[in-house]
1. Of the residues that sit in region 77-88 and are part of a helix (DSSP H, G or I) and exposed (fewer than 10 other Cβ atoms within 10 Å of the Cβ), which one is nearest to the chain's Cα centre (by Cα)?
2. How about region 32-44: which of its residues are surrounded by fewer than 17 Cβ atoms within 10 Å (Cβ to Cβ) and on the phi < 0 side of the Ramachandran plot?
3. Give me a count of the residues in region 89-101 that are farther than 19 Å from residue 116 by Cα and either touching a residue at least 40 places away in the same chain (Cβ under 8 Å) or part of a loop (DSSP other than H, G, I, E, B) (or both).
4. Looking at residue 106, is it modelled with pLDDT of 90 or more, out of contact with any strand residue (DSSP E or B) (no Cβ under 6 Å at 6 or more places or on another chain), outside any helix (DSSP H, G or I) and within 21 Å of residue 32 (Cα to Cα)?
5. Of the residues in region 47-66, how many are part of a loop (DSSP other than H, G, I, E, B) and out of contact with any strand residue (DSSP E or B) (no Cβ under 9 Å at 6 or more places or on another chain)?
6. Please go through region 57-77 and pick out each residue that is touching a helix residue (DSSP H, G or I) at 6+ places or on another chain (Cβ under 8 Å) and closer than 21 Å to residue 25 by Cα.
7. Just one of (1) outside any loop (DSSP other than H, G, I, E, B); (2) crowded, with 19+ Cβ neighbours inside 10 Å; (3) over 14 Å from the mean Cα position of the chain (by Cα); (4) at pLDDT 95 or above trips up residue 69, so point out which.
8. Please go through region 102-123 and pick out each residue that is without any contact (Cβ under 8 Å) to a residue 24 or more places away in the chain and under 28 Å from residue 137 (Cβ atoms).
């Protein structure tokens with residue numbers, strides 16, 4: 001995974017005025033309460049979700065590959081109460097290769113961050129690490145973008161096997177392949193239990 005890692009834009013990330021960047025906070029808080037244990041957020045960015053949960057009393061660890069994003073998170077954390085600061089841990093790691101000596105009762109990848117992993121190899125590596133770090137009774141929440149209108153030609157891709165161009169179909173959103181699927185905010189939240197293989 002490579003790219004600009006938000007070096008030039010991290011400071012502006014929290015200026016997004018859209019309601020969608022606030023509407024999911026109650027959702028994550030609900031599941032933090034249900035799981036009642038330690039939380040790991042992958043691609044935590046500037047701490048939009050992480051800091052909200054910490055302020056609500058949850059112990060949260062966040063990782064991000066962008067040092068610029070983590071720097072903004074640390075600036076925001078520094079002005080919060082000492083008790084909140086004690087509940088937060090951050091680490092500069094990739095979500096494809098992260099490693100901790102503990103498991104978590106809740107692991108999240110909020111706001112479409114999983115979709116920066118463009119290859120199956122990266123995606124599989126991330127999910128492998130999630131499975132390794134998820135407690136036996138843990139839950140994993142994966143948020144992905146789901147188009148809500150008809151997919152047009154711009155959603156076509158080159159089939160690696162046949163060499164032909166194909167258009168994506170909206171089939172994933174109509175299935176409930178894992179434990180639960182919440183369709184909200186024109187996006188999908190997939191909630192995965194550790195026991196699902």
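1. 78
2. The answer is 33, 34, 37.
3. The qualifying residues number 4.
4. no
5. The number of residues fulfilling the criteria is 2.
6. Correct list: 58, 60, 62, 64, 69, 72, 73, 76, 77.
7. Result: residue 69 passes all but (4).
8. 123
The values are calculated or read from the model by the stated rules, or taken from the named source; none is laboratory data. Note that this is a predicted model, so its numbers are computed, not measured. Neighbour counts are summed over all protein chains in view; Cβ atoms, including those assigned to glycine, are modelled from backbone coordinates with ideal geometry.
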